[in-house]
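Each remark here refers to the structure printed beneath this line.
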Amino acid sequence: MRTTDDRYRGERARFELAMRMIRHEARTGTIRHLTGLSDDRIRKLYTSYFKYNADAPIKRRRGKTPTQITPLIRTPARTLESGVFVNLMLANGLISVEALPGPSLRGNIELGNCFCQCYETHLRIVPKPTLTFEWAWNLMRTVRCGDEIGIGRCDRCATTYLYDQLLLPRSACPACPTLCPSRPESSPDAAFAVT
């Protein structure tokens, strides 16, 4: 009896995470990656619970999850917004500043719920957020790889921001022109890499 209860508890946790991700308009591939549910099961969940709900229509995003990093750091506002989300992930242990491999993403229900919590917090604290769930997922995967996006901390205004590691010279703090217009830009030595 206890084994059966554990199995159903695991199924229910996967189901609840899938429902939470569908509400954030996550793509089928992203939901499958974190929950282990089949594409057919995910589509049936959407059809049964969301497709015909007139009160709160949920869009289904098609295609693959975004993989580019440029839109995350294209403008100072987007760079700072992405930095806010990175801070939330750092605070919740989804990414680390040490060169240690993080927990596996595949089938990790706990990590999936933590990621959703970070995203929901981001939506509450950022005025007019532009970061979608899928772009936030792309951001986490890219930062965990550690080969394209770096995290810098300005030594003048203490803002945490993202920068393209392949771009030379490295971009300066995007907040300083607004917060400290009379001060020079932050130095490149204030950065630390995240894997």
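Values quoted throughout were computed directly from the atomic coordinates according to the rules given, and no laboratory measurement underlies them. If you're wondering where the values come from, they're calculated on a predicted model, not measured in any experiment. Don't worry about glycine lacking a Cβ; one is built from the backbone with ideal geometry, like all the others, and counts go over all protein chains shown.
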Can you sort T130, T121, T35, T160 from fewest to most other Cβ atoms within 10 Å of each residue's own Cβ? T130, T121, T160, T35
7 Å from Cα along Cα→Cβ at both R124 and E16: what's the point-to-point distance in nm? 1.7
Among L168, L162, rank each residue by its count of other Cβ atoms within 10 Å, from fewest to most, as a rough exposure measure. L168, L162
Using θ = phi - 60° and the Karplus form 6.51 cos²θ - 1.76 cosθ + 1.60, what ³J(HN,Hα) does each residue of the stretch 169-176 get, whole Hz, x for Gly and Pro? x, 5, 5, 8, 4, x, 8, 4
Order of E148, E134, E81 from fewest to most other C-beta atoms within 10 Å? E148, E134, E81
